[in-house]
Amino acid sequence: MTPDIKNDFSGIPSMAGFLYQILYYLKTLLSLKPDEEVSLELYDDVALESSEAITYFQLKHTTSGISKNLTKRDSDLWKTLYIWVKIIQSKGTLEEQKKWISKSKFVLVTSKKTETNELVNLIQQYISTDNNDGNWTKIEKFISEQANKKKISKKELEDCDQNNGKEDQITKVSFYADVLDKFELKRELITTTEVITQDVKGIYKEISDILRYGNHIQESRIHSLIEVLLGRLETSFKDTILKGNPSRYSGKSFDEYFGPIFRRFLRQKFVTMPLKVTDPDKYLSSTFIKQLSDIGDHAVQEPKIVSTITQRLSFENDYNISKQDISLDEQQTFEQDIHLNWENHFEYYNGSISDLTSEQDIKKSAKDILYQIRNSKVNFVGEPLSNESVYGCYYYFSDGEHPTIGWRSDWKDKYNGEDFRKKWTID
């Protein structure tokens, strides 16, 4: 594949935009009050509704990140205002539209910088001066200028959307501005409009702060919790978004659907995380796979080997996270119990092994140990581990350059020596 060939039909920008939207949706859900409802793709990209008002969020993301500027003729801004005008006009008579606007708020959330955007600055100045008439005149004049600017200079053309604009894009911006300019209630709309700059990193940090300081989730678990919440949210889309329906949650329904996840992360010492192994082949040379392979265990045969590798990696991931929240003494006690349980089974089944024992009997004893180990009850600081975690736990301690447990009677010599540490692959 030639690395410098660009896919002009790439879906990456739209995918990035949808991920941005989901992340902002999750942030809004986490801030829900009991009498509020949040929706995705119902009234707008995201909407926050209460008995008193509704806030419309238009979300605009660029794959160039926050380094990009929202220029004065950026279509993200003008098209958003155009969409809101159309929403308002659909609400009936002029008086009905006025009444509806009085209970609405409009927010554009963009990953672009807005500090130098003339319209954004004029709106902020207008609102901060209690809707001063003089500042409103400046806004009207600016909107009218953009609506009437059918022909623009080469410099302005290059400025439009940071070199991503086309001539027809300029015409569209003028059209959007013209619709706004002629809108009778544009002052009411502008009065309730806000533009926020926030990139993915900023949204993620806000989510983290809500979980840490609002929900009292331990800091070491926040990233894991966000991954679980996003996964659960995306799973729910199969019954909503993928069927062409909006996603929506009230404070009550969000607690019913997501509450158990929060309570698990707050209560449990050992929290399991979903993990998908996308490239199992690179783990086939692992010590624990070799140990299982050398006794002919079914766990390294197709199609079980992928789940075996997943169990091993999942336990390591979960253990590294969970042990941050326990004391060193608790960690040492847990590992001592693991090794003591293994040692008891190892000595019982390998007690009669000698130099005269056949390879077949050595493998049988090793399998007996492994079978008993897999059926052991393992507690992590007083909490029982699932069967999957128990399997992964013993695979974890039987892995590495110097494993601390094994199944064959000769495992120490077989898997800790220099010869073994040379590269090998499973047949």
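Here are the numbers for the structure shown:
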item	result
Hey, Val120 assigned to a strand (DSSP E or B), open to solvent by less than 10 Å² (accessible area, probe 1.4 Å), touching a residue at least 12 places away in the same chain (Cβ under 8 Å) and out of contact with any helix residue (DSSP H, G or I) (no Cβ under 6 Å at 6 or more places or on another chain) or not	no
Test: residue in the stretch 104-115 that is closer than 28 Å to Ser31 by Cα, open to solvent by 80 Å² or more (accessible area, probe 1.4 Å) and in contact with a strand residue (DSSP E or B) (Cβ under 7 Å, 6 or more places away or on another chain)	yes
Residue identified as closer than 14 Å to Thr287 by Cα and either over 31 Å from the mean Cα position of the chain (by Cα) or without any contact (Cβ under 8 Å) to a residue 60 or more places away in the chain (or both) among Thr357, Thr333, Thr404, Thr308	Thr404
Answer residue from the stretch 16-62, given it is out of contact with any strand residue (DSSP E or B) (no Cβ under 8 Å at 6 or more places or on another chain) and hydrophobic (A, V, I, L, M, F, W, C) and is most open to solvent (accessible area, probe 1.4 Å) among those	Leu19
Subset of the stretch 272-285 (residues that are surrounded by fewer than 20 Cβ atoms within 10 Å (Cβ to Cβ) and either hydroxyl-bearing (Ser, Thr, Tyr) or under 16 Å from Ser398 (Cα atoms) (or both))	Thr278, Tyr283, Leu284, Ser285
Every residue from the stretch 272-313 that is more than 17 Å from Val390 (Cβ to Cβ), part of a loop (DSSP other than H, G, I, E, B) and among the hydroxyl-bearing types (Ser, Thr, Tyr)	Thr278, Ser285, Ser286
Residues being crowded, with 18+ Cβ neighbours inside 10 Å and of a type in the set (S, T, N, Q) - total across the stretch 243-271	1
Selection status of Asp368, open to solvent by 80 Å² or more (accessible area, probe 1.4 Å) and more than 18 Å from Tyr319 (Cβ to Cβ)	no
Which numbered condition Asp8 misses (of (1) loosely packed, with under 15 Cβ neighbours inside 10 Å; (2) at pLDDT 95 or above; (3) over 30 Å from Asp181 (Cα atoms))	(2)
Tally of residues being within 22 Å of Arg263 (Cβ to Cβ), in a helix (DSSP H, G or I), open to solvent by 10 Å² or more (accessible area, probe 1.4 Å) and in contact (Cβ under 8 Å) with a residue 60 or more places away in the chain across the stretch 197-223	3
Residue in the stretch 68-103 that is surrounded by the most Cβ atoms within 10 Å (Cβ to Cβ), counting only those that are among the aliphatic types (A, V, I, L, M) and either out of contact with any Asp or Glu (no Cβ under 9 Å at 6 or more places or on another chain) or in a strand (DSSP E or B) (or both)	Leu77
Among the residues listed as Asp337, Asp297, the single one being open to solvent by 40 Å² or more (accessible area, probe 1.4 Å) and farther than 25 Å from Ile226 by Cα	Asp337
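The values are calculated or read from the model by the stated rules, or taken from the named source; none is laboratory data. It should be emphasised that the depicted structure is a prediction, and the values quoted were computed from it without experimental measurement. Every residue, glycine among them, receives a Cβ derived from its backbone with ideal geometry; neighbour counts consider all protein chains shown. Side chains included, ligands, DNA and RNA excluded: accessible areas come from the protein's heavy atoms. Shrake-Rupley method; radii C 1.70, N 1.55, O 1.52, S 1.80 Å.
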